[in-house]
Amino acid sequence: MQQALAPADYASSVVAVPPIALNADYSVNAGANEAIIKHIEAGGVDILLYGGNANLYHFGLDDFRIAMEAIKASVAPTTHLITSIGPDFGKAMAQVPIVRDLGLKNVMVLPTNFPADPAGVANGVRKLAAALGSGLVLYLKRENYVDPDELAKLIAEKAVSFVKYAVEKPDAAKDPYLDAVVSAIGTEYLASGMGETPIHDHLGERKLTTYTSGAVCIAPTAASELLALYKAGRAAEAFELSRPFLEFEKIRLDLGGLQVLHDGVRLSGVADTGPLMPMVSNLPVDKLPPVEAAVAALKAAEKQALSRSPAPRKAAAGA
């Protein structure tokens, strides 16, 4: 039975954000998704978030149910599963009965770009949380998506249980909106939500609780070690270990975050991820060489991490 995540749970694990593997006819490939899940779990990662990388934006209600049924059946009893609803209010409300029927206790609201405003988002989150009967993970993807003081109220009301922060900045250290969010809610309820790119600041300097990662689907043991090093204050070692992750993220920025991860997992040999659900496309063949090189570097980092620590490493919540 899935249980609601507490901040201490987030603090102990990287949050993996996997793709969803599909068959050629866009049906859910249960076996391939299970292979991805088992690979991630073997690296000591026990929180899986299905959202943007899974392209749930473009799943219909029936596809959403089938995918979540397959994924729920594949995770270990000790693995926490977070699904996502939305991004628009109507679709999110239509998904709430499915989520409740499947007994999923951790739910994120995908960010709405347009039309939405800060007060409207806060109101929508309250209504969704009331319908669900529990707090939601809020995904902050753009500047002032929700007013920081209003966010603090949502947490106090238990309408929001956790926050994924993913507002991209040229320099992560210069982020007034994140400064305001941290001032309003602290770091306990806050995850860095943009892969490895900003974590030297977000984890090393600001001490956010954890971070979300796509590359963890390829190198879970190395990603777990990376989090543990930052938690232990060993930022220089962590930064060195993060180099292949940062290169992978650069390629994702250049060629498409969903596309590179989806095809990268296939190229890694973990599982055949198949096509992406329209309206997103797989990478053309001529764009694959840099992805293959970055995946090879991640696999090498994973091999080295396994040699250092045969048993999966997890960050200590109190570290």
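The table that follows gives values for the structure above.
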{"quantity": "Only listed residue being among the β-branched types (Val, Ile, Thr), under 24 Å from residue 147 (Cα atoms) and out of contact with any helix residue (DSSP H, G or I) (no Cβ under 8 Å at 6 or more places or on another chain), chosen from 121, 107", "calculated": "121"}
{"quantity": "Selection from segment 127-156 of residues that are within 11 Å of residue 96 (Cβ to Cβ) and under 18 Å from the mean Cα position of the chain (by Cα)", "calculated": "136"}
{"quantity": "Residue in segment 106-114 that is assigned to a loop (DSSP other than H, G, I, E, B), farther than 13 Å from residue 128 by Cβ, more than 16 Å from the chain's Cα centre (by Cα) and modelled with pLDDT under 95 present", "calculated": "yes"}
{"quantity": "Residue 123 vs. criteria part of a loop (DSSP other than H, G, I, E, B), polar (S, T, N, Q) and surrounded by fewer than 16 Cβ atoms within 10 Å (Cβ to Cβ)", "calculated": "no"}
{"quantity": "Segment 208-223, residues that are under 14 Å from the mean Cα position of the chain (by Cα) and among the small types (Gly, Ala, Ser)", "calculated": "213, 214, 215, 223"}
{"quantity": "Output for segment 53-66, where each listed residue is touching a helix residue (DSSP H, G or I) at 6+ places or on another chain (Cβ under 7 Å) and in contact (Cβ under 8 Å) with a residue 60 or more places away in the chain", "calculated": "53, 55, 59"}
{"quantity": "Residue that is in contact (Cβ under 8 Å) with a residue 12 or more places away in the chain, assigned to a helix (DSSP H, G or I), within 30 Å of residue 309 (Cα to Cα) and small (Gly, Ala, Ser), where the choices are 222, 129", "calculated": "222"}
{"quantity": "Selected residue (criterion: nearest to residue 3 (Cα to Cα)) from residues of segment 158-203 that are aliphatic (A, V, I, L, M) and out of contact with any strand residue (DSSP E or B) (no Cβ under 9 Å at 6 or more places or on another chain)", "calculated": "184"}
{"quantity": "Tally, over segment 51-92, of residues that are touching an Asp or Glu at 6+ places or on another chain (Cβ under 9 Å) and of a type in the set (S, T, N, Q)", "calculated": "3"}
{"quantity": "Residue match in segment 81-99 (condition: surrounded by fewer than 19 Cβ atoms within 10 Å (Cβ to Cβ), outside any helix (DSSP H, G or I), touching a Ser or Thr at 6+ places or on another chain (Cβ under 8 Å) and free of Cβ contacts under 8 Å to residues at least 40 places away in the same chain)", "calculated": "yes"}
{"quantity": "Only listed residue being over 19 Å from the mean Cα position of the chain (by Cα), part of a helix (DSSP H, G or I) and of a type in the set (Phe, Trp, Tyr), chosen from 239, 245", "calculated": "239"}
{"quantity": "Residue 276 vs. criteria at pLDDT 95 or above, over 23 Å from residue 41 (Cβ atoms), in contact with an Asp or Glu (Cβ under 6 Å, 6 or more places away or on another chain) and not in a helix (DSSP H, G or I)", "calculated": "no"}
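The values are calculated or read from the model by the stated rules, or taken from the named source; none is laboratory data. For clarity, every value in this text was computed on a predicted model and none was experimentally measured. Cβ sites come from the backbone with ideal geometry, for glycine too, and all protein chains shown count toward neighbours.
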